[in-house]
1. Are any residues in segment A:410-428 touching a residue at least 40 places away in the same chain (Cβ under 8 Å) and surrounded by fewer than 20 Cβ atoms within 10 Å (Cβ to Cβ), and if so, which ones?
2. Within segment B:138-162, restricting attention to residues that are more than 9 Å from chain A (Cβ to nearest Cβ) and over 19 Å from the mean Cα position of the chain (by Cα), which residue is nearest to residue B:206 (Cα to Cα)?
3. Any idea which of (1) under 23 Å from residue A:398 (Cα atoms); (2) touching a Ser or Thr at 6+ places or on another chain (Cβ under 8 Å); (3) within 14 Å of chain A (Cβ to nearest Cβ) is the one residue B:120 doesn't satisfy?
4. Would you point out the residue of segment B:163-175, among those that are under 21 Å from residue B:265 (Cβ atoms) and more than 8 Å from chain A (Cβ to nearest Cβ), that is surrounded by the fewest Cβ atoms within 10 Å (Cβ to Cβ)?
5. Which condition number does residue B:46 fail, the rest of (1) farther than 30 Å from residue B:190 by Cα; (2) modelled with pLDDT under 90 being met?
6. May I ask you to say which residue of A:396, A:476 is more than 11 Å from chain B (Cβ to nearest Cβ), touching a Pro at 6+ places or on another chain (Cβ under 7 Å), touching a residue at least 12 places away in the same chain (Cβ under 8 Å) and over 17 Å from residue A:337 (Cβ atoms)?
7. Helices (runs of 4 or more DSSP H) wholly in segment A:175-261 with at least 1 residues that are closer than 20 Å to residue A:356 by Cα and touching a strand residue (DSSP E or B) at 6+ places or on another chain (Cβ under 9 Å) - which ones?
8. Output the residues belonging to segment B:176-210 that are more than 10 Å from chain A (Cβ to nearest Cβ), over 15 Å from residue B:276 (Cα atoms) and among the hydroxyl-bearing types (Ser, Thr, Tyr).
Amino acid sequence: MIAWLFDLAPWLIAGVIALPALGAGILQLVAYLSWQESPPRHGPWVITLGTLSGTALLSLALAVILVLDGPAAYRFGGTLFPEVVFRADTLSVTIGVLDVSLTLGILAYTYTRGPFGSRFYTAYLLFTAAVFGIVLSGDLIAVFLFILVLIGTTARLIRLGGKAESADAARNYILTATSGAFVYLCGALLAFWLAGTTDTEALGATLAGVGYSAPTVVSSFVIMTIGLALLVALFPLHGWLVETHAKSTDPVSALISGVLPAAATYALLRILFDVYTTEFLQANPTVTNGIIYGAVGSLIIGNILAYGQRDIKGMLAYSTISQFGLIVAGLMVATETAVFGSIIQLFGHGIVKGAFCLVAGIIVLRFDARTLDEFGGVANRAPIVAASFVGLGIALIGLPPTVGFVGKWYIAIAAMEQGLWIVALFVVISTMLTLGYVVPFIDQLYFAPFEGPDHGAERVTVPMLVVITLAVVLSLAIGLGSVFLEETLREAIEQLIAAE
Amino acid sequence: MTEIHSVRPLLAISLAFVMIIVVVLFRRWPRLRHAVSVGAAVLLFGIVASLIQPVQQGQTPTTNLGTLVGTVELSFQADPLGLLFALTVSGLWIVTVTYNIGFTAGDGLTHRTRYLAALWLSIGSGLGVAFASNLLVLVVFYELTTIGTYPLVAHYGSERARKVGVEYVWYVIGGGTLVVGGTVIIYALAGTVTFVPGGIPELAEIATDRSLAAYVALGSLLAGFAVKGAVMPFHAWLPKAMVAPPTVSGVLHAVVVVKSGVFGIARTVLEVFGPDATATMGVAVPLAMVAGSTIIIGSLLALKQDDLKRRLAYSTIAHLSYVVFGVALLTPAAVAGGLVHIGAHGITKLALFFCVGVVTIETGHKKVSEIAGIGRQYPVTMGAFAVGACSLAGLPLFAGFVSKWYLLVGSAEIHWAVPLVFVLSGALNVAYFWPIVYAAFFETPETADPKPLIDGPLGGRAKAQDDETDESPPATADDGTTDKRAGAFNQHETETERPQAGPTDSSYTLYKESPTLLGSLILLGVLIITFGILPGELALFDLAKQAAEASVGEVFE
């Protein structure tokens, strides 16, 4: 009976990618057939909610099966076009769950405030599907194709957000991100030329034969990493994130900050450990250290640039850049502890930053407050929103016992154990740097006099408050319960780190 | 020392955290909120006090909640040292929360829900610091105390209060971050961060090799905790934090915050690195020297403060270093004396702050130069103040004497000259408290005269004699910038920014002192004297001895 259920895993893998895509198709079809005259206000939203709930259920089922039964794979094609393998383990499903919970949570915000319309939600569903695609594909070229889909849908989301400058921002974003994707493709093709395959596992075996210090192997890795680093928005390839963040509506910002770099980071993680393995990192200390210190640089500079921001969304964007510096640095330390730290940070940051963007959105909705100076005295009128802001701020700073602290703890411990003093030092110091730009906002929220307009509490709906409160609770719960996550992910991480 | 399972350590901590929610839920019924708070405070103290007996029998009641991260457990234990601190926190909290009822009414405080909730958060996290069974859990709650106290420090919301609030966060989170760094290194070095009386064995080996990592770890832990413990040169935040309401000052100075700093130093020296490793690494002597200088300089600076609260703040800085000094001396009696001083100073300083709070509410006076004759109007208040002053000066039959006696005996074991620090400090204590007591009881505003002990800059720069002597002299080199700015603020800004709560005329009515205010003052006064006469009857003293003996060795009688 149980075994029969476990056999479902490959279908679930296919399902989590296909279901949102299918939902997008249905949404378009319904819109084309019956909504052309007078589109119902909440029709697309309902279909999206249904589809994403289904996807969430599927991904949870997949997670349970993977935890109980170990990794699974789904093979697709093979007759008409080359076979593509999708692999899932507890790590990939973690990012999948992050993706779907964020897209679901953001729906609570868009129900009343929009954007409305079937075109937006089609892109929204395809976005979800593309993230699952990137996370689950075990093939370099398939990852590339999904990245292209992701870029396309993100650009549509930015443009359909309805802000005046968003069309320009979307165009710039497409140009930048696509060039990053193509850089990545060059690296992937180089690897293909060397090994004759793009399947990650087969590639890994063949590249080991070619030799890890061969210049071609090294350059294929470096090229792919640069391409992905742009998509992760590491300094100095971060410009697009700041711009799109500022110019898209808040729910879209939440997706961009929470999910987009996470997906690219996950692709990097897979390539790093499945294709090139830790032996490659040891064989090329220059490359490894280069990326580590580059990432640490991103961590520091992101934080420092955040100081210049009076606008809450600019602050959040730079904070994202710095957080991903931390995460990538953790990955490159490449021990089990460090990778776990990065994963929990990746997950936690997604939740926290997504919710933070929504909180910023809620404050704009009710008080028209965007910049530090406009935030004054909001806490007296909107205590729950302000308390959530503080809770998320504490998680962002990385104070215990939130998830932000736990991630830093693991990464710092691992860096110490590997003798990477400087990394550990900066990971610890980044707490202070983050503190410096978060506390002024909290100070304003609570202690400055209220001056701005107040559009009334009814603009903020109960589901919005539930979602942001839930995010705060989650950030605490993950921090306190990190051990359970570690238990769940341990096997997958061990397999990831273990050299083939 | 046998470990027994008990939920009580966790129960105490969670009660405080649950009270945060209760306070928020009862926001529409302020009287009920106060009543429940007092009730919960008594219950909390009861839970903590119920742990005394098992601990004195050599047991360690422990609540283990499983793993927190890696191999570090989320576990709370009531060992002698932790219980000592927890008793201080929960005992003084009863008094504080009672006083707070009268104070909030008298001061016309706003945002009372936030205020009381933040106080409960500070208390809960303070208990967490006390009962933490390892460094990481301690760090978790140590940072939480900061989160709880930040809104309290900035409570009045004036320009000045907000600035100080942010500065406070910078200081203490900076210290907290150093502690986190130290913890990370220790975990990487030793593979464990669980407290062991006498030091973590795995760490002792590494420490005796005098490796750089061990020095960095010990240094950052001590420096990090020293920030909250207001050991010089990390003390500047404490006098500035006087912008907060007096209840908060009490919590900062006596109940939780600064105490958690010196408590952290005690844990680090006694139960993380251990006395042997600390001595081998040669850190104990510099630490003692820093603490010793803080005692002297802090007391000297207290002399120069005209603002009552600032005078008390510098006095706190000096007295906290008694604890650090005692711990750093590493002789059993000195360690025991230092630990007793956590409690003795807590009780006393709380009384002093509450007296000043009452005086400020009733008369609006905040300065030493305005205090003349106050004692005749408010005999109970100033009487309690006098008792507190005697205790801090270390006069026999008062609480402060007990700890000071052991500190004197313990320091004499090192060298005959070491006790001079305490003798000198005692004299300075008399010097900065006596003028207040004297003026309050034996002078009237008409006959009052300035009593400057140091009216020129330290170091002896020539100064015109006919300057207004009640103005603080210009900042001196050793406490440069902070003194200048903070001094200016105290002279001019507070009074214009903060609405004067009480009437400024000195019409005599004893009954204006609300019963909750007076009651808590009398209780504290009685406690100070009881502690001074019968130290053995109060568990604090035995616990301190037990803690010192577990780590350092037999305290001789």
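1. Answer for segment A:410-428, where residues must be touching a residue at least 40 places away in the same chain (Cβ under 8 Å) and surrounded by fewer than 20 Cβ atoms within 10 Å (Cβ to Cβ): A:417, A:418, A:422.
2. Of the residues in segment B:138-162, the ones more than 9 Å from chain A (Cβ to nearest Cβ) are B:138, B:145, B:148-149, B:152-153, B:159-160.
Remaining after also requiring over 19 Å from the mean Cα position of the chain (by Cα): B:159-160.
Numbers: B:159: 49, B:160: 47 Å.
Once the filter is applied, the top-ranked residue is B:160.
3. That leaves (3) as the condition not met.
4. For segment B:163-175, the residue satisfying everything is B:171.
5. Against the list (1) farther than 30 Å from residue B:190 by Cα; (2) modelled with pLDDT under 90, residue B:46 comes up short only on (2).
6. Details: A:396 fails: touching a Pro at 6+ places or on another chain (Cβ under 7 Å).
Of the residues listed, the single one that is more than 11 Å from chain B (Cβ to nearest Cβ), touching a Pro at 6+ places or on another chain (Cβ under 7 Å), touching a residue at least 12 places away in the same chain (Cβ under 8 Å) and over 17 Å from residue A:337 (Cβ atoms) is A:476.
7. Values: elements: A:200-210, A:215-232, A:239-247, A:250-258.
Where helices (runs of 4 or more DSSP H) fall fully within segment A:175-261 and carry at least 1 residues being closer than 20 Å to residue A:356 by Cα and touching a strand residue (DSSP E or B) at 6+ places or on another chain (Cβ under 9 Å), they are A:239-247.
8. Answer for segment B:176-210, where residues must be more than 10 Å from chain A (Cβ to nearest Cβ), over 15 Å from residue B:276 (Cα atoms) and among the hydroxyl-bearing types (Ser, Thr, Tyr): B:192, B:194.
The values are calculated or read from the model by the stated rules, or taken from the named source; none is laboratory data. Just so it is clear, the structure is predicted and the values come from calculations on it, not from any experiment. Ideal geometry is used to build each Cβ from the backbone, glycine not excepted, and the neighbour counts take in all protein chains shown.
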